[in-house]
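The values are calculated or read from the model by the stated rules, or taken from the named source; none is laboratory data. Owing to the predicted nature of the structure, the values given are computational and were not obtained by experimental measurement. Neighbour counts run over all protein chains shown; Cβ positions are idealised from the backbone, glycine included. All accessible areas refer to the heavy atoms of the entire protein, side chains included, with ligands and DNA or RNA removed. Shrake-Rupley method; radii C 1.70, N 1.55, O 1.52, S 1.80 Å.
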Amino acid sequence: MFLTNFQTERLYVECVHKDQYEHIIQPLKGIPYYHFAFARHAMEEADTRHCIHALAYPIGIQGWAGFIKGFYLPSKKIFWIQTFGIRLEWSRQGYGTELLQHLILALTQASHPPSALFISVLNENGPGIHFWEKNGFTPVRTVHKQIYHIQDAITIYQKQLLEKDTFSLS
């Protein structure tokens, strides 16, 4: 596993079992949040031993502020962020950036680090696009797909982690 529980001055991140994560995230349907990324198409190759399911809690405050779910694709040496979100009441306070920075640190220090991070973002998701670009991700491809009940363009973003290993989607 790449990510372990950690705590900063402002944030506690708990890695949870997939079943526990899905149970906790279920109430999302009624809570506004920025859904920064999602990807179902890459899951087929995922190494389930290296999946991350984590919830982020602000220190001293009840309830969670954000979540992350992702997986490693060993054949391509990449990590795909499947879901990443911050509840609206916690947005624009640095919690998402803090969570992402710790993920990147954990991935780069792993025994077999991925060479790159990938995410996919709906083109209509302005806050999500701003977040990823602000954190050094660059667009690599745009596709038109129907996700859930939304027909829209999705842009795939990449952040190179290791200089010596480069990976391209093409």
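Close contacts from segment 139-160, counting a first residue that is assigned to a strand (DSSP E or B) and at pLDDT below 75 and a second that is among the aliphatic types (A, V, I, L, M) and surrounded by fewer than 14 Cβ atoms within 10 Å (Cβ to Cβ), with Cβ to Cβ under 9 Å and a gap of 6+ residues or different chains, come to Lys145/Ala153. Please verify whether segment 88-98 includes one or more residues that are closer than 18 Å to Phe71 by Cα and at pLDDT below 85. Checked against the condition, which is being closer than 18 Å to Phe71 by Cα and at pLDDT below 85, segment 88-98 yields no hits at all. Condition test on Phe71, is it under 11 Å from the mean Cα position of the chain (by Cα) and open to solvent by less than 10 Å² (accessible area, probe 1.4 Å)? Yes.
Checked against (1) among the β-branched types (Val, Ile, Thr); (2) assigned to a loop (DSSP other than H, G, I, E, B); (3) within 21 Å of Val140 (Cβ to Cβ), Ile61 passes all but a single condition, namely (3). No other residue among Gln62, Gln26 is modelled with pLDDT under 75 and polar (S, T, N, Q) apart from Gln26. Here the condition is being hydroxyl-bearing (Ser, Thr, Tyr) and either over 11 Å from the mean Cα position of the chain (by Cα) or not in a strand (DSSP E or B) (or both); of Thr97, Thr83, it holds for Thr97 alone.
Consider segment 161-170 and keep the residues that are modelled with pLDDT of 70 or more and surrounded by 13 or more Cβ atoms within 10 Å (Cβ to Cβ). The one that is farthest from the chain's Cα centre (by Cα) is Leu162. In this structure, does His130 turn out to be of a type outside the set (S, T, N, Q), closer than 17 Å to Val13 by Cβ and either modelled with pLDDT of 85 or more or crowded, with 22+ Cβ neighbours inside 10 Å (or both)? No.
Only one of the numbered conditions (1) of a type in the set (S, T, N, Q); (2) open to solvent by 60 Å² or more (accessible area, probe 1.4 Å); (3) closer than 15 Å to Cys15 by Cβ is not met by Gln109, and that is (3).
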